[in-house]
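Student: Please find one structure pasted underneath; my questions will follow.
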Amino acid sequence: MTKSCEVHIFDYSLSSEKAEMVRSVSGATLHEYGIGAEDSFVTAPVSDGESLVSQYHLKNLSSIMSDLGHTWIDVLKMDVEGAEYEVLPAMVAHYAALNESVPVTQAQIEYHHSPGSPPMTDLVHTLLLMEESGFRTFSTEYNVNGAPWNFIEYSYLNVDPTGRLAQPKTPLQ
C-alpha cells in the first residue's frame with residue numbers, strides 16, 4: 001500500500017480473532033461499527049458464539065467522513081447484508097439536499113436479494129436511483145461464493161452532468 005492510501009474497514013460483526021487479523025494488516029484501520037442510513041444503534045445476532053444478540057453502532061457516510069476528516073472517497077466498497085436498500089437512498093438524499101454529488105469516485109456495492117429480502121422493486125428502484133445520481137455501472141458480477149442469483153456486485157463510476165468523473169464539490173446541475 002502506498003503511504004497516501006488509507007484503507008478503513010467498518011465491520012461490527014467480526015469475531016475477535018478476525019478483528020485481530022484485520023488489525024494486523026499494514027495500512028488498514030478497523031472501525032468496529034457499520035455504515036447505516038443514519039447514525040443509530042441496532043440489535044443483531046453475534047457470530048462469536050459467546051452471546052445471542054448485541055447492540056451495534058451504525059453511522060451514515062457523512063458522519064464517518066466527518067469523523068475521519070475526509071471530504072472525498074476514491075473507492076467505496078459496500079457489503080451491508082441487505083441494508084443497501086436503506087443506506088444508498090439516504091446517502092444520495094443527504095448530498096442532493098446539499099446540491100452536491102455523493103463524494104465518491106468509484107463505488108462497489110453488493111446487492112442482496114433472496115427469500116425474505118426486500119422485494120425486487122427495491123432493487124430496481126435503488127439501481128435507478130444510483131443511475132439518476134450520476135453513478136454509471138461499468139461492471140456487474142454474480143457473487144458465486146453464496147447463492148449466485150441472490151448476490152450481485154455492481155461497480156460504478158460517479159460522473160458529473162457533463163460525463164466527466166465527479167470531483168470534490170461537484171454540483172448536481
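Student: Conditions: (1) at pLDDT below 90; (2) open to solvent by less than 70 Å² (accessible area, probe 1.4 Å); (3) not in a strand (DSSP E or B). T126 meets all but one. Number of the miss?
Tutor: The single condition T126 does not satisfy is (1).
Student: Which residue is nearest to H57 (Cα to Cα), if the candidates are limited to segment 7-39 and must be small (G, A, S) and in a strand (DSSP E or B)? Don't jump to the end; show me each part of the working.
Tutor: If we filter segment 7-39 for residues that are small (G, A, S), which is where we start, we get 13, 15-16, 19, 24, 26-28, 34, 36-37.
Next, from what is left, pick out any that are in a strand (DSSP E or B): 28, 34.
Numbers: A28: 20, G34: 6 Å.
Per the criteria, the residue is G34.
Student: Let me ask something else. Report the residue count in segment 51-61 for those that are in a loop (DSSP other than H, G, I, E, B) and either modelled with pLDDT of 90 or more or aliphatic (A, V, I, L, M) (or both).
Tutor: Let us first name the residues in segment 51-61 that are in a loop (DSSP other than H, G, I, E, B), namely 51-52, 60.
Remaining after also requiring either modelled with pLDDT of 90 or more or aliphatic (A, V, I, L, M) (or both): 52, 60.
So the answer is 2.
Listed here are the residues, each with its yes/no results for (1) at pLDDT below 95; (2) closer than 30 Å to V144 by Cβ; (3) assigned to a helix (DSSP H, G or I); (4) in contact with a Leu (Cβ under 8 Å, 6 or more places away or on another chain).
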| residue | (1), (2), (3), (4) |
| --- | --- |
| F41 | yes, no, no, yes |
| G49 | yes, yes, no, no |
| S63 | no, no, yes, no |
| T71 | yes, no, no, no |
| Y85 | yes, yes, yes, yes |
| L88 | no, yes, yes, yes |
| H94 | no, no, yes, yes |
| Y111 | yes, yes, no, yes |
| T121 | yes, yes, yes, no |
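Student: Any idea which of (1) among the hydrophobic types (A, V, I, L, M, F, W, C); (2) part of a helix (DSSP H, G or I); (3) within 11 Å of the chain's Cα centre (by Cα); (4) over 17 Å from A166 (Cβ atoms) is the one V80 doesn't satisfy?
Tutor: (2)
Student: Scan segment 139-156 and give yes if some residue there is in contact with an Asp or Glu (Cβ under 9 Å, 6 or more places away or on another chain), of a type in the set (D, E) and open to solvent by 60 Å² or more (accessible area, probe 1.4 Å), otherwise no.
Tutor: Yes - at least one qualifying residue is present in segment 139-156.
The values are calculated or read from the model by the stated rules, or taken from the named source; none is laboratory data. Quick caveat, the model's predicted, so the values are computed rather than measured. Reconstructed Cβ throughout: ideal geometry from the backbone, glycine too, with neighbour counts over all protein chains shown. These area figures cover heavy atoms from the full protein model, side chains too; ligands, DNA and RNA do not enter into them. Shrake-Rupley method; radii C 1.70, N 1.55, O 1.52, S 1.80 Å.
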